[in-house]
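Everything below concerns the one structure shown next.
The values are calculated or read from the model by the stated rules, or taken from the named source; none is laboratory data. Treat the numbers as computed from the prediction; the structure is a model and nothing was measured. Here the Cβ positions follow ideal geometry from the backbone for every residue, glycine too, while neighbour counts run over all protein chains shown. Just the protein is used for accessible areas: all its heavy atoms, side chains included, with ligands, DNA and RNA removed. Shrake-Rupley method; radii C 1.70, N 1.55, O 1.52, S 1.80 Å.
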Amino acid sequence: MVAKILGLIDGSQYTASVLDNIAFAAKRLRAEVELIHAIGRRDIGSAPSDMSGSLDLGEREELLKELAAHDEQHARLARKRGRLVLSDAAAKLAADGVETVSHDLVLGDLLEEIERRETGCDLVVLGKRGDAANFAKLHLGSNLERVMRRTSVPVLIAARAFRPIERVLVAYDGGPSISKALDWLRVSPLLKGTRIEVAKATGKSSDAELDRVCKTLKAEGFDARAKLLTGDPDDAVVAECEREAIDLVIVGASGHSSLRRFLVGSTTSEIVRACRRPVLLFR
């Protein structure tokens, strides 16, 4: 079966990096790419509030006509911009050597569209932030937070700038999500040939479980090593990425305990928010 990548693009400053990550993954996986640009409900018009108590009949009818005309123009421009974003993105991927690219402009809720299309999908790629990136540097995009909670396939979250992926950090916590990530890592061609650092925040001086994980990865041909970190897991992982010039972080969306399920504000969310590297997330 041919691998498939679903790319979510919005025309923001993160789009170029999203496309670079898609091109990297598509060539490694020999995957087809489907790009979607979603126009939300607020971009395709909305009914105005009931102002019948504050305006007379003539004023209200005139205002409703003006609002309807404004909504129609706004929606038309949003669709035109979306088609341009998609066509430019498809052309860039083709120029980068991606053989099969399709694209679709969709109206409505992005998450619903992803859930409809993710069957048979191997990877979802999107940016860490959207159109408000310059105004929300300490926050994650609202669509990203929803995708992280709900999407069942691996999610590659692009940083602002792409860098060739040669050094990978696995943020290991012993939970089911990161175990799923390691199973995927061993069989997928996406990161073959990269150097893998399996890191764990712990106060211990050694960790037999971490050593076993690295031994398994080495048996699959990876240049893998274990690394014990100190401090809070999110801060420790972010600092390690800078210290070791890591190019990609792999995280699980839930920890070892079932009581530590993924929530905004958790270690996973903080790593995604604070790290200046792309993050590959597994649920």
- Message: So S102 ticks every box in (1) of a type in the set (S, T, Y); (2) modelled with pLDDT of 90 or more; (3) surrounded by 14 or more Cβ atoms within 10 Å (Cβ to Cβ) but one. Which box is left unticked?
- Response: (3)
- Item | Filtered residues of region 3-36 (kept if open to solvent by 30 Å² or more (accessible area, probe 1.4 Å) and β-branched (V, I, T)) | none
- Restricting the search to region 200-216, which residues are of a type outside the set (D, E) and farther than 26 Å from S269 by Cβ? S205, S206, A208, R212, C214, K215, T216
- Per the filter on region 1-24, residues assigned to a helix (DSSP H, G or I) and either charged (D, E, K, R) or in contact with a helix residue (DSSP H, G or I) (Cβ under 9 Å, 6 or more places away or on another chain) (or both) are T15, A16, V18, L19, D20, I22, A23
- Task: Six or more apart or on different chains, Cβ under 7 Å: which pairs go from a residue in region 258-283 that's of a type in the set (D, E, K, R) and open to solvent by less than 30 Å² (accessible area, probe 1.4 Å) to one that's modelled with pLDDT of 50 or more and assigned to a loop (DSSP other than H, G, I, E, B)? Could you list them?
- Result: R277/A159; R277/I246; R277/D247
- Query: Restricting attention to region 105-154, which residues are surrounded by fewer than 20 Cβ atoms within 10 Å (Cβ to Cβ), at pLDDT below 80 and polar (S, T, N, Q)?
  - Reply: N134, S142
